[in-house]
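A short reminder: the numbers here are calculations on the coordinates, not readings from a lab. Note that the structure is a prediction, hence the values are computed from the model and not measured. Don't worry about glycine lacking a Cβ; one is built from the backbone with ideal geometry, like all the others, and counts go over all protein chains shown.
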Amino acid sequence: MNNYDFLDLLIDNISAYFAIFIFLGIFYYFLFRKVVHTVIDPLFWSILFSLFGFADVVLMFFTGAIKPYYFLSYLLTQGAFTVGMLSLSKFENTRIKMPPATVSLPPINNANLIAITLLYAGIQLYVYYAKGIPLLYDSRLEYYTGGSGFGIFSRILDVLPVFLFYSLFEKVAEKKITKNFRSYLFYTFGFCFYFATLVLSGSKSSILIVAYTIFCYYYINRQIPLVTSIWKRFRFVIIPGALFFVLLIITVQSLSQTDAGSPVISLIYRFVASGDVYWYTYPNDVIYTYKPIQNGWLMMSNDFLGFFRIMDWASFQEYPGVYFYKYHHDSDLIQGANMRHNVFGLLYFGFAGSIIYSFFLGLLVSFIRFFMPRMTINNSYFKFACVYLLLKCNAIEADMTLFITYINNLVIVLIMIIVFNLFITSLFYYPSKKWAYRL
């Protein structure tokens, strides 16, 4: 079933779909109401996309488009994932004491942040010069292809902005920025520059990263009174502004369409299509037309293995999400569906194995969401890593391969940041000054 077939099915059964969505929405509300705190909580949007995907599967089952086998597989894997995800929620409001350790790490001061901001701006401008504006690309997946190591910039530009935003919020909470007008002016310029790059990225979800990062910073630092005060003051302003820019991006990408309502329709379809992999694979047993020649763990780790040249990129089998998209649509663009855990597990681990796989993925989300932020490790680098993982852990449900890519990005770029900060610190501060602090 391709996109057009599903849209025909949806339009013919729109009342049934609406009823299914409302019923499941009520069920999800009572299930997750204690762990979702606001609409700019990344978990809220992950659950919303999951809800639309659930509604897609239920609609296909009740209209006879898929076999009971696939419906049962979906219910069991989604249930296992949810049980795993909520299993550590009891730790959300507790502090988990960790044994202290002394590690020499450079501080995150104004000199470091100014240097990193200039580095980020230079890399971003070079990428625009070499590759053009991603907003104007038909497929953003093609933007960093082409070999020659150019993809390293995608990793740097994925992690650095979150680090800079986290550090900026930390300085605001410590009331250090407003003490120096020049640093205040510089950070304001840096913030505006990064926000412009979000709009030019062409990603409808990336524009929400600012709002997500603010929430995640609050989430791991809510014991600080000033942070809580700032959060309560601005939380109702952030999300409307982010949604405005999301609609702006959709409008620019829809200029070729004559329908005035196309931006709104595109936004609605974006939610409905969160379950596209289900209608690509479940109907007519299309899922089994893909013949894996590598095991699931190898497929999930292809980014790590390819980046470190452990395996040659050409030796990897075509990603199943791309295969299933091309199976239904004639396209030369590099694009495809996210391999949600239900489908990936069934394809690589079988019916029973997919249930176990989904449970442990949910447990991983639970660890990142509820356990890590409560660890008593008073270190800016660790807290930044928590914020980044809180932003990205929603990819675990949507596409575990993508999440492993994010882990690679974090490890690689965080090491670069620490080494770079160490170098800057050695330039601007005397060696006799103590800048090592406790991890």
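Couple of notes before you dig in:
- Near Phe370, once Lys and Arg are set to +1 and Asp and Glu to -1 for all other residues with Cβ below 12 Å from its Cβ, the sum equals +3.
- Distance (nanometres) between label positions extended 7 Å along Cα→Cβ at Trp297 and Tyr327: 2.6 nm
- Ordering Glu397, Glu92 by the number of other Cβ atoms within 10 Å of each residue's own Cβ, fewest first, gives Glu92, Glu397.
- Treating r as the C-beta distance of Leu402 and Ala352 and R0 as 35 Å, the FRET efficiency rounds to 0.90.
- Sequence-distant residues sharing a close amide H with Met375 (under 5 Å, placed H): Ile96
- Calculated from backbone phi, Karplus (6.51, -1.76, 1.60) coupling profile of the range 119-124 in Hz, x at Gly/Pro: 4, 4, 4, x, 5, 5
- The length gained by stretching the chain between Leu125 and Asn2 to full extension, at 0.36 nm per residue less their Cα-Cα distance, is 40.5 nm.
- Options Phe360, Phe370, Leu390, ranked by Cα towards positive dipole end of the range 321-413, top entry (Cβ charges): Phe370
- Virtual paramagnetic centre 7 Å along Cα→Cβ of Thr38, amide N under 18 Å, in the range 386-400: 387-388, 390-392
- Shown for Thr281, Thr405: other C-beta atoms within 10 Å of each C-beta, ranked fewest to most, produce the order Thr405, Thr281.
- Exposure proxy ranking, count of Cβ atoms within 10 Å, fewest first, for Leu200, Leu118: Leu118, Leu200
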